[in-house]
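Each reported figure results from applying straightforward, stated rules to the coordinates on display, with no laboratory input. Keep in mind the model is a prediction, meaning the values are calculated, not measured.
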Amino acid sequence: MLTGGQLAGLIVAVFWAVLVSFLAYTLLKLARLLGEAAEMVRDVGEQAGPLLKDMTRTVRRADEQLGRTDVITKQVGAVTQNVSAVTTVMTSVVGGPLVKAAAFSYGVRKALGNRDGGGSDGGPAGGDRPQLAARSGGKGRR
């Protein structure tokens, strides 16, 4: 049979064998994990190139569109100025004579209305006399 020292040595040897087996298993899992991580980093690196190219292309297209938008904005500003100038010219050319014609036609209607004996506003003959009398305290109505 085994003596106490041999038995203790055997227990320590078995413990060390279990410990080494556990550490070997853990190291194998860690190696497998690091291998998968390296593969994932490699895949990301391979995909990053085309992604960066696509992003660069997209940024260039966006820059082109912004350039076009800037040109359109400048042209719209010029059109706005032109429309403003045309409006000013049309107001001065058409507006002045139109106001004069309206005033003339109003004057003619008023004159013809007074000449007929009845006001053009549907009031009694004599124009504004009843209104003046009413304002002066009613002296003209008695």
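A compact table of results
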| read-out | value |
| --- | --- |
| Whole-number D in µm²/s for region 4-110 (Stokes-Einstein; Kirkwood sum over Cα pairs; 20 °C, 1.002 mPa s) | 91 |
| Table column - 3J(HN,Hα) (Hz), region 25-36, Karplus curve with 6.51, -1.76, 1.60, x for Gly and Pro | 4, 5, 5, 5, 4, 5, 5, 5, 5, 5, x, 5 |
